[in-house]
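The values are calculated or read from the model by the stated rules, or taken from the named source; none is laboratory data. What you see is a predicted model; the values in this text were computed from it and never measured. Cβ placement follows ideal geometry from the backbone for every residue including glycine, while neighbour counts extend to all protein chains displayed. Please note that ligands, DNA and RNA were not included when accessible areas were found on the heavy atoms of the full protein model with its side chains. Shrake-Rupley method; radii C 1.70, N 1.55, O 1.52, S 1.80 Å.
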Amino acid sequence: MMPWDEGPVLCFTSDVEWSSEEALVETQGLFERFGIRPTYFFTHPSPFLSGLLREGRIEAGVHPNFLPGSSHGNSVAEVIDTCLTLVPGLECFRSHRFYDVTDITHAFYAKGLRYDANVCTLLQKGIRPFVHESGLLRFPTFFEDGTYLFHRRPLEYDRSLFDGPGLRVVSVHPMHMVMNSPDLAYARRIKDSVSREAWNRLSGPDLAKLRHPGKGIRDLVEAMLEDVTGRGLPVFTLKQLYHAFPR
């Protein structure tokens, strides 16, 4: 019997989404305050995250953007090759907006990737990993902050989310964490007001000005982390879950 068959098994991840170094520092500070080792899905080079990876404080995957106008390239092959230069030896991915076709999964498997978190659910309980036809092992995402906001779910934390068996992969975005987004429109207005380059350079004082003062998604995630660690629920990295899966 696997651990997710016996009770809740958690895994915390973050899509970097071209966030600034200061936003990544703040997000990592949140995880480290609760003793969590997250998996970051890289979109661009980050000296800060690369340093954490060398020290074994995080794990990493890639977050390719296959949509038109992507800075990663104009074809599936170009995007994959660009992303695989970000961190050598990666084995996992999650696409921007969970974009997914067989050309992508087969190409990633051929390049040596072996697992992903590229399926998103809406708080589906009883999740278990499954083997995709490409050969990839898939770890469906249980909670994604943007999806949660899109569906206008309550910003008050409900501890029953983690009751009962099943895999709970949690995905957050650094900018949602630093902005404490109360809804998607709040975050979208800010993101649309700056260029991609400016977004990637937002400083600590800039980020402080953007933070929503009322109840927001960061408040919920902080309450989640406090509850999970307070209850001593088992938390694994994606890599640990991959190696625990019988093959």
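What the table shows:
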quantity	calculated
The stretch 1-44 - residue that is in a helix (DSSP H, G or I) and over 17 Å from the mean Cα position of the chain (by Cα) and, of those, modelled with the lowest pLDDT	3
The stretch 181-221, subset polar (S, T, N, Q) and in contact with a His (Cβ under 8 Å, 6 or more places away or on another chain), residue most open to solvent (accessible area, probe 1.4 Å)	200
Helices (runs of 4 or more DSSP H) fully within the stretch 177-247 counting 3 or more residues that are touching a Phe, Trp or Tyr at 6+ places or on another chain (Cβ under 7 Å)	217-231, 238-244
Test: residue in the stretch 126-145 that is of a type in the set (Asp, Glu), surrounded by 15 or more Cβ atoms within 10 Å (Cβ to Cβ) and in contact with a Leu (Cβ under 7 Å, 6 or more places away or on another chain)	no
Check on residue 235, closer than 23 Å to residue 49 by Cα, modelled with pLDDT of 95 or more and in contact with a strand residue (DSSP E or B) (Cβ under 7 Å, 6 or more places away or on another chain)	yes
Any hit, the stretch 10-33, residues being open to solvent by less than 50 Å² (accessible area, probe 1.4 Å) and free of Cβ contacts under 8 Å to residues at least 12 places away in the same chain	yes
Subset of the stretch 222-232 that is open to solvent by less than 50 Å² (accessible area, probe 1.4 Å) and in contact with a strand residue (DSSP E or B) (Cβ under 9 Å, 6 or more places away or on another chain) - its residue that is nearest to residue 47 (Cα to Cα)	225
Residues (outside any loop (DSSP other than H, G, I, E, B) and either modelled with pLDDT under 95 or surrounded by fewer than 18 Cβ atoms within 10 Å (Cβ to Cβ) (or both)) located in the stretch 148-160	150, 159, 160
